[in-house]
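J.: Next up is a structure, given as structure tokens.
Read-outs throughout are calculated quantities, based only on the coordinates presented, and are distinct from any laboratory measurement. It should be emphasised that the depicted structure is a prediction, and the values quoted were computed from it without experimental measurement. Here the Cβ is made from the backbone with ideal geometry for all residues, glycine too, and neighbour counts use every protein chain on show.
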Amino acid sequence: MKGFGTDEKAIIAILGNRTTEERQKLKTIYKTMHGKDLVKELKSELGGKVRYLVKLLMMESHERDAFCLFKSMKGIGTDDAVLVEIMCSRSNSDIAKISEVYKTFHNKTLEKAIESDTSSRFRKLLISLSTGSRDESLKLDPSKAAQDAVTLKRAGEDKWGTDEAQFNSIFALRSFAQLKITFEEYERHSKYKSMEDAIKGEFSGDIQQGLRAIVEMAKNPPGYFAHRLHKSMDGMGTDEQTLSRVVAARCDVDMVEIKKAFHQMYGKPLGKMIKGDTSGDYEKLLLALIGGVETF
């Protein structure tokens, strides 16, 4: 970054091949050595899609989630997909830290922000998730799964109308592993082919989106993020914000598993799709972060 012009290749080589923790250390050491803020320097040297991706990469993970949540609720309208993606996929400790960071940066609790920017059943689900009260034990209880499956069936397809409170309670409190066996039990006795179809048949709009995300996270977490990545590039145009956000969040967490799930689900390597949908330095940085184009 010194002098005239920018060596984007060097920036991509370094930032694209470091973990979130290593990038945090880079910021401290850079300031110590050069007396300058690395993030500000990078933002002044880069532009467009690359600048936004680098901005996300240089944040600590909970800071990044809090920033994305704030951005999704800022101004007129709310980006429900971002709320769903983050609130439905993070652990209890993640939710607690995100909430703490959110309040520090925005002088407002995450719960209050959700309350003022969402409505009805979707609001209730998100507020339940914002408490971070999901059971995270590894123990599975088949009898409870069978009981919960009956409760969900009675609250949905066996009832005129839908008792969303029962869905909300079970979906927000049970561990993902417990939910997985609950959904398997439900599918054995349901008129619907899958839990996803059951949610689609009983709910609509943002609440359907939220509940289906929880089903996907319970059944196949890497598959959920593979689905988000595919959706960001499928069809005309590319949703760079979603693509950047998911890659930045998962690149040093479970990207190997996500790439495998992506190939299994869509019959195409993730790297190849990124290469076909993006270009220039943005494409190069994304590919560096996911570990290059796969050779399946």
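J.: Which of rounded, prolate, oblate describes the chain, given a ≥ b ≥ c as roots of the alpha-carbon gyration tensor eigenvalues and a/c under 1.5 marking rounded, otherwise prolate only if a/b is larger than b/c?
T.: prolate
J.: Counting other Cβ atoms within 10 Å of each Cβ, which trypsin sites (Lys or Arg not before Pro) in the range 144-201 have at most 10 and sit in a DSSP loop?
T.: Filter output for the range 144-201: K191, K193.
J.: Further question: Rounded, prolate or oblate, given the Cα gyration tensor of the range 150-296, with a/c below 1.5 counting as rounded?
T.: prolate
J.: Which of K112/K191; K27/K108; K112/K259; K2/K275; K36/K103 have a Cα-Cα distance over 32 Å?
T.: As for pairs spanning more than 32 Å Cα to Cα, those are K112/K191; K112/K259.
J.: Using Cβ counts within 10 Å as a stand-in for footprinting exposure, how do L42, L125 rank, fewest first?
T.: Lowest to highest Cβ neighbour count: L42, L125.
J.: Pairs of Cα atoms under 8 Å, at least six residues apart: use those to get the relative contact order of the chain, whole percent.
T.: 18
J.: Okay, moving on. What length, rounded to one decimal in nm, is gained on full extension from K103 through to H189, with 0.36 nm per residue of separation minus their alpha-carbon distance?
T.: Full extension from K103 to H189 adds 26.5 nm.
J.: Continuing with this model, one more query. Over the range 177-241, what relative contact order in percent results from Cα pairs under 8 Å that are six or more residues apart?
T.: 26
J.: Order 218-228, 126-136 from most to least packed using the mean count of other Cβ atoms within 10 Å.
T.: 218-228, 126-136
J.: Let me ask you something else. Give the Rg (one decimal place) followed by the Dmax (whole number) of the range 76-130, computed from C-alpha coordinates and expressed in Å.
T.: 10.7, 30
J.: Sorted from largest to smallest, which semi-axis lengths in Å does the alpha carbon gyration tensor of the range 1-51 give for its equivalent ellipsoid, taking the root of 5 times each eigenvalue?
T.: 17, 15, 10
J.: Need the C-alpha centroid separation for the range 54-109 versus the range 142-217, integer Å.
T.: Distance between centres, Cα-based: 26 Å.
J.: Label point 7 Å out from L173 along Cα-to-Cβ: which residues of the range 122-147 have amide N under 18 Å?
T.: 124-147
J.: Also, quick follow-up: Work the Kirkwood hydrodynamic radius out for the range 222-290: mean of 1/r over every pair of different alpha-carbon atoms, inverted, in Å.
T.: Kirkwood radius, the range 222-290: 11.7 Å.
J.: What are the principal axis extents of the Cα atoms in the range 251-296, in Å, biggest first?
T.: 27, 22, 14
J.: Counting only Cα, what are the radius of gyration and maximum Cα-Cα distance Dmax of the range 142-219, in Å?
T.: Here Rg and the maximum Cα pair distance are 10.9, 32 Å.
J.: Oh, and also: Output the peptides 108-114, 76-82, 29-35 sorted from most to least packed, where packing is the average of other Cβ atoms within 10 Å over each peptide's residues.
T.: Ranking, from highest mean packing down: 108-114, 76-82, 29-35.
J.: Quote the relative contact order of the range 142-296 in percent (integer), defining contacts as alpha-carbon pairs under 8 Å separated by 6+ residues.
T.: Across the range 142-296, relative contact order equals 16 percent.
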